[in-house]
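Each value in this text was obtained by applying a stated rule to the coordinates, not by laboratory testing. Computed from a predicted structure; not experimentally measured. Using ideal geometry, Cβ is built from the backbone for each residue, glycine included, and neighbour counts are taken over all protein chains shown.
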Amino acid sequence: MFAIIAAVLFGIAVLFEILGLNIEGIVTTTTLMLTGLIFLALHIGGYGTRTGRRRR
């Protein structure tokens, strides 16, 4: 799930970079990229995955 969110954020960051958009100086391509990297790190760390231990 986090990998999908990261991919969407990276896509939005690329569009912002191509179009040269900033939203009031708060949301820039850098903030979107860093947020995408956080979600990617969470995905690689195993958070948000469905593989869990089941109790019997």
**Study point:** Percent of Cα-Cα distances greater than 13 Å, calculated over the chain
**Key:** 61 percent
Exercise for review: Can you tell me the 0 to 90 degree angle between the C-alpha axis of helix 2-19 and the longest principal axis of the chain, rounded to 10?
Suggested key: 10 degrees
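Beta carbons within 10 angstrom, averaged per residue: use that to sort the peptides 23-29, 36-42, highest first. Display every interim value, and only then the final one.
Numbers: 23-29: 11.1, 36-42: 16.3.
My ranking of the peptides, most packed first, is 36-42, 23-29.
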Check your understanding: Each residue of segment 30-35 in order: what ³J(HN,Hα) in whole Hz does its phi give by Karplus 6.51 cos²θ - 1.76 cosθ + 1.60, θ = phi - 60°, with x for Gly and Pro?
Key -> 5, 5, 5, 5, 5, 5
